[in-house]
Amino acid sequence: MQEKELFSRRIRAGKRTYFFDVKQSAQGDKYLVVSESRPTDQNSHKHERIVELAQFQPPKIYADPNSKMVLEEGTGFVKLIIVAYKTPDDRILVEAGPVLSYYEFKRSMSDRLTDEKWRELLKTQPPKEPEWIPNFAVREEKKMGNAEGRMNI
């Protein structure tokens, strides 16, 4: 199986153009590539990859041989991030874009996660996000009996 493009979107922002491409690797993993094209002084365009986000990154492992536990951290599904910031000329801008969900949790050394186990865990019983994430994240909730979602801070 070759790498294939599943979705592509082009967005113009002034003189710059941004490309959002969702691709699937030869192994079946999906990932997002964000690239930018902007004019140069030489009447050409510079095209560069800004970020590549892969879903389901397998956890990194930090082991404690005394407790026989590991602290695993990993990424999950792509989520939306909205950031407000002040520019040097005192304007306030709001930007939105993709960010990966983040997890860290303790697990027994004897039950370490493989890529496949991590993917299945994310789909069926995702671990809780770290306690510091709700300090700045917007949480999505679903109303009972209704497919409509709402955002709560």
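Having 2 or more residues that are aliphatic (A, V, I, L, M) and at pLDDT 85 or above is the bar; report the strands (runs of 3 or more DSSP E) wholly within the range 40-153 that clear it. It would help to see each step written out before you state the result.
Numbers: elements: 45-54, 60-64, 69-86, 92-108, 139-142, 149-152.
Once the strands (runs of 3 or more DSSP E) in the range 40-153 are filtered for at least 2 residues that are aliphatic (A, V, I, L, M) and at pLDDT 85 or above, what remains is 69-86, 92-108.
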Query raised in the report: Before we move on, is Ser8 part of a strand (DSSP E or B), at pLDDT 80 or above and within 16 Å of the chain's Cα centre (by Cα)?
Result: no
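The values are calculated or read from the model by the stated rules, or taken from the named source; none is laboratory data. Since the structure is predicted, the reported quantities are computational estimates derived from the model, not experimental observations.
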